[in-house]
Amino acid sequence: MSKQIDTLKSGVPALLSWYNRVRRPLPFREAPTPYRVWVSEIMLQQTRIEAVLPHFAAFMAAFPTVSDLANADDEHLLKLWEGLGYYSRAKNLKKAAIEICKTYSGELPADFEQLRALSGIGDYTAGAIASIAYGLPVPAVDGNVLRVFSRLLCYDTDVLSTKGRRELTEAVKAVLPPDAPGAFNEAVMELGETVCLPNTAPLCDSCPLAAVCAAHNAGRETDFPVRIKKTARRVENRTVLVAIQDKKVLLCKRPEKGLLAGLYELPNIEGAGDANALAAAFGLTLESAPQPLPAAKHLFSHVEWRMTGFSATVSGNAPANGRFVTAEELKNDTALPSAFKVYGKLLPALLEGQI
């Protein structure tokens, strides 16, 4: 692979020149402080940039410093994270902020290993902070980078395997220019997001590395990256109830460990179609005939929820892990996981009896 690496090195100036011309003026790029880079990279995991931008602005306004994040109200933090998925990432942000304040006086450390040791920060995020914010010569390898380098090298091992990640990371490290590590890492990510696209033919005519790309020169662009097909998700049927009492809806807090840990959700049980059994499971009595709501589906990493929904007025007290909230409280203070977004959109009208 050494000859291929030398070839790729010759293309680095063209890549950096291309990035300088086309780079999008994103807020975290224009002011790449370690804190802003860290928050943006966590938000951008498996989320489109367009969706992140308003969340990033609101988050920075609410928590402008690491210390502010360390002292954040948990419910406020989760509400600001609503729509970004994986609420554990927001919890780990706060946990790491507390660690940073305690150990590093509120400043993210300028060291890859120390960054890597913080809660919720993996190799990629540590590499992004270290290279972009501190100019340290370390790689930042995400899915975009794995895809780009697998094509550049005609790499025929599963890119998500331990061997694949390790070998491609070493390849990135070998090509990384020590005088511009942050720009290089961002350039490769930008290339993967806008040119060397996933699940389709890459836009090779627009690629600054086309001349040094082994897959392009062999006419095999769509053969890479190589991935072993994942095991199918387990399907789980669930019944969801929008339980209404005095123009308030019942939300119940999930256990602190496991799926959607510590988040509030609409009452639900495994199985399909029995609203009476669901209400009884939460100590409630239906006071109106259950009204069918649209079916919904949500994909987690290892399980797929297929949901049957109902709404009904109920009597009884909220269970120990639950509380009745108004539409205003739900809008401003309490995050509802995206698994329930189909029903969340209907809640204002349901609480007002408009549906």
task = Report the net charge of residues surrounding Ala117, where surrounding means a beta-carbon distance below 12 angstrom and charges are Lys +1, Arg +1, Asp -1, Glu -1.
result = -3
task = With only Lys, Arg, Asp and Glu charged, each at its Cβ (+1 for the first two, -1 for the last two), find how big the charge dipole of the chain is about the Cα centre; round to the nearest 20 debye.
result = 600
ask   = Taking the Cα centre of the range 110-241 as the origin and placing charges on Cβ (Lys, Arg +1; Asp, Glu -1), which of Ile228, Thr125, Val240 is farthest toward the positive end of the dipole?
value = Val240
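Using the scaling law 2.2 N^0.38 Å as the reference, what is the normalised Cα Rg of the range 226-343?
Dividing the Cα radius of gyration by 2.2 N^0.38 Å gives 1.11.
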key: Relative contact order for the chain, counting Cα pairs under 8 Å that sit 6 or more residues apart, in percent   = 16
message = Need one number: convex hull volume per residue for the range 163-262, Cα atoms only, in Å³.
response = 252
task = Place the peptides 239-245, 339-345 in order of packing, highest mean first, counting for every residue the other Cβ atoms within 10 Å and averaging per peptide.
result = 239-245, 339-345
key: Selected from Pro290, Gly309, Ala279, residue furthest toward positive end of dipole (the range 217-355; charges at beta carbon)   = Gly309
remark   = Site Glu304, offset 7 angstrom along Cα→Cβ, radius 20 Å on amide nitrogen, limited to the range 256-285, gives 259-260, 269-273
request  = Compare the Cα positions of Phe56, Ile269, Trp18 along the charge dipole of the chain (+1 at Cβ of Lys, Arg; -1 at Cβ of Asp, Glu; about the Cα centre) and return the one farthest towards the positive end.
outcome  = Ile269
inquiry  = Which trypsin sites (Lys or Arg not before Pro) in the range 22-96 sit in a loop by DSSP (not H, G, I, E or B) and have at most 10 other Cβ atoms within 10 Å of their own Cβ?
reply    = Arg48
query = Among the listed pairs Lys102/Lys253; Lys79/Lys102; Lys102/Lys331, which are separated by more than 28 Å between their Cα atoms?
reply = Lys102/Lys253; Lys102/Lys331
request  = Using a 1.4 Å probe and ignoring any ligands, DNA or RNA, find the accessible area of Lys173 and quote it in Å² to the nearest 10.
outcome  = 100
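Excluding Ser150 itself, calculate the net charge of residues whose Cβ lies under 12 Å from the Cβ of Ser150, where each Lys or Arg counts +1 and each Asp or Glu counts -1. Write out the running numbers ahead of the final one.
Values: positive: Arg147, Arg151, Arg165, Arg220, Arg227; negative: Asp156, Asp158, Glu167, Glu221, Asp223.
Every neighbour counted, the sum reads 0.
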note = Taking a ≥ b ≥ c as the square roots of the eigenvalues of the Cα gyration tensor, with a/c under 1.5 meaning rounded and otherwise prolate when a/b exceeds b/c and oblate if not, the range 150-209 is oblate
ask   = Excluding same-chain residues fewer than 8 positions from Lys94, which aspartates and glutamates have a Cα within less than 16 Å of its Cα?
value = Glu41, Asp68, Asp73, Asp74, Glu75, Glu82, Glu107, Glu256
remark   = Short to long, in 10 Å steps from zero, the percent of alpha-carbon pairs of the chain per bin is 5, 21, 25, 22, 16, 8, 2, 0
message = Per residue, how much accessible surface does the chain expose to a 1.4 Å probe? Answer in Å², no decimals.
response = 48
Point-charge dipole on Cβ atoms (K/R +1, D/E -1) for the range 1-86, about Cα centre, debye to 20 = 700
Sulfur and carbon atoms: percent of accessible area, the chain [1.4 Å] = 51
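The values are calculated or read from the model by the stated rules, or taken from the named source; none is laboratory data. It should be emphasised that the depicted structure is a prediction, and the values quoted were computed from it without experimental measurement. Cβ coordinates were reconstructed from backbone atoms using ideal geometry, including for glycine residues, and neighbour counts include every protein chain displayed. Accessible surface is based on the protein model in full, side chains and every heavy atom, while ligands, DNA and RNA are left aside. Shrake-Rupley method; radii C 1.70, N 1.55, O 1.52, S 1.80 Å.
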